[in-house]
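The values are calculated or read from the model by the stated rules, or taken from the named source; none is laboratory data. If you're wondering where the values come from, they're calculated on a predicted model, not measured in any experiment. Don't worry about glycine lacking a Cβ; one is built from the backbone with ideal geometry, like all the others, and counts go over all protein chains shown. To get the accessible areas, we keep the full protein, side chains included, count just its heavy atoms, and leave off ligands, DNA and RNA. Shrake-Rupley method; radii C 1.70, N 1.55, O 1.52, S 1.80 Å.
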Amino acid sequence: MKRIQSTVASGVESLGWPGILGLGLLVFAGGIYFSTFPSEQSRLDDLRQQIVKAREQRAAEASGAGAPLTPADRLAAFYGFFPRPNDLPDLMEKVFAAAKGQGLQLERGEYRVVRDGGSGLTQFQVMLPVRGTYPQIRKFVNGAMAEVSTLSLNSIQFDRQKVGDPMVDATVKLTVYLGKKS
């Protein structure tokens, strides 16, 4: 027993405080690893199973009777993706909420409706003058496009009054694509 104690004591002396601290951190890291790894591994397995189920379901839907078979059915499914014109107020509310979320005020704007008789889509074009910092404006546009899936960015024009001025004036031109009336 004394021999083991002397061996441990000499090992501790040779390691010094940095070695003991490193050894303690190694034991601590091992404990963290073994306490979190099994739960995260099971979570990963669950996610993999969900992916497999989703792929099987998608394959079944694609090969099932509900899948568009004719070109006309496929075209109808394409147009079905677009929101209806009566959904426009809700879509614009999402755009305005994205601006408000970045602390920007949309006091005025120019709006124009363009109907394309050949495609059946309606374009609702919006031109919004905005004043704020560059990151605010960029996050506003990104947020609006994330919220409204049929929103496209046509252009942004930036204008800064002075070189060191953090505020910029921007003109943001957006288009919301709408489907046919139901």
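Checking each residue in the range 31-70 for being at pLDDT 80 or above and not in a helix (DSSP H, G or I) picks out only 70.
Find the residue count for the range 136-159, including only residues that are more than 30 Å from residue 77 (Cα to Cα) and either hydrophobic (A, V, I, L, M, F, W, C) or at pLDDT below 90 (or both). Counting residues in the range 136-159 that are more than 30 Å from residue 77 (Cα to Cα) and either hydrophobic (A, V, I, L, M, F, W, C) or at pLDDT below 90 (or both) gives 4.
Taken together, the residues in the range 81-91 that are closer than 16 Å to residue 121 by Cα and either of a type in the set (Asp, Glu) or loosely packed, with under 12 Cβ neighbours inside 10 Å (or both) amount to 3. Checking each residue in the range 95-135 for being modelled with pLDDT under 90, open to solvent by less than 80 Å² (accessible area, probe 1.4 Å) and farther than 30 Å from residue 76 by Cβ picks out only 106.
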